[in-house]
Amino acid sequence: MEDGLIILLIIILMFGVMYLWAYSSVYFEKVKRDKIKRDIIRKEEFYKEDIANKQLIREDKKKLFNIRSEEINKHFKWLEGINKVIKQT
């Protein structure tokens with residue numbers, strides 16, 4: 001009787017281990033898919049942040065360009081005024 005109980009426990013343990021071994025592949029595949037999804041989301045967020053940063057840089061450069069353009073136009077107007085004064089004399 002004791003031998004039968006030990007054999008039954010060994011069989012139950014064997015089927016339990018086989019079930020865990022079979023399910024482990026499903027579990028690891030799910031973990032791998034979740035990791036890939038997290039990586040994709042992280043890359044998309046990084047890409048969006050990068051685009052936003054580049055847009056801010058472009059806007060700053062455009063502001064500087066416009067300011068410099070206004071300064072040049074003011075300087076040209078000043079030079080035209082000087083030219084008029086010189087031509088009048």
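The values are calculated or read from the model by the stated rules, or taken from the named source; none is laboratory data. Being a predicted model, the structure only gives us computed values, none of them experimental. A quick note on method: Cβ atoms are made from the backbone with ideal geometry, for glycine too, and the neighbour counts reach across all protein chains shown. Please note that ligands, DNA and RNA were not included when accessible areas were found on the heavy atoms of the full protein model with its side chains. Shrake-Rupley method; radii C 1.70, N 1.55, O 1.52, S 1.80 Å.
For the chain, what is the accessible area per residue in Å², given a 1.4 Å probe and the full set of protein chains? Write out the running numbers ahead of the final one.
Numbers: 9270 Å² over 89 residues.
For the chain, the solvent-accessible area averages 104 Å² per residue.
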Completion exercise
Stokes-Einstein, Kirkwood over Cα pairs, the range 21-71, 20 °C, 1.002 mPa s; D in µm²/s equals 150 µm²/s
Problem - Rg followed by Dmax, in Å, when the chain is reduced to its Cα trace - result: 38.2, 131
Completion exercise
Computed, not fitted: 222 nm per-residue ellipticity of the chain from DSSP H runs ≥ 4 (each -39500 (n - 2.57)), nearest 500, equal to -37500 deg cm²/dmol
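To the nearest 20 Debye, how big is the dipole of the range 22-62 about its Cα centre, given +1 on the beta carbon of each Lys and Arg and -1 on that of each Asp and Glu?
Numbers: 13 positive and 9 negative charges, 18 e Å.
Roughly 80 debye for the range 22-62.
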Completion exercise
So for R0 = 35 Å, FRET eff. of Ser25-Ala52 from the Cβ-Cβ r, to 0.05, ends up at 0.30
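May I ask you to give the percent of accessible area on the chain that is carbon plus sulfur, with a probe radius of 1.4 Å? Intermediate results must be reported in sequence, preceding the final value.
Details: 6130 of 9270 Å².
Looking at the chain in its full context, I get 66 percent from C and S.
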Handout entry: Residue among Val17, Ile36, Ile67 farthest towards the positive dipole end of the range 1-72, charges placed on Cβ
Key = Ile67
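Assigning unit charges at the beta carbon (Lys, Arg +1; Asp, Glu -1) and nothing else, what dipole magnitude in debye, to the nearest 20, does the chain show about its Cα centre?
On the way: 19 positive and 14 negative charges, 243 e Å.
The calculation lands at about 1160 debye.
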Practice task
Of the options Ile7, Ile57, Ile82, report the single residue whose Cα projects farthest towards the positive end of the charge dipole of the chain (beta-carbon charges: Lys, Arg +1; Asp, Glu -1).
Solution key: Ile82
Problem - the chain: angle of helix 2-88 to the longest principal axis, Cα-based, in degrees nearest 10 - result: 0 degrees
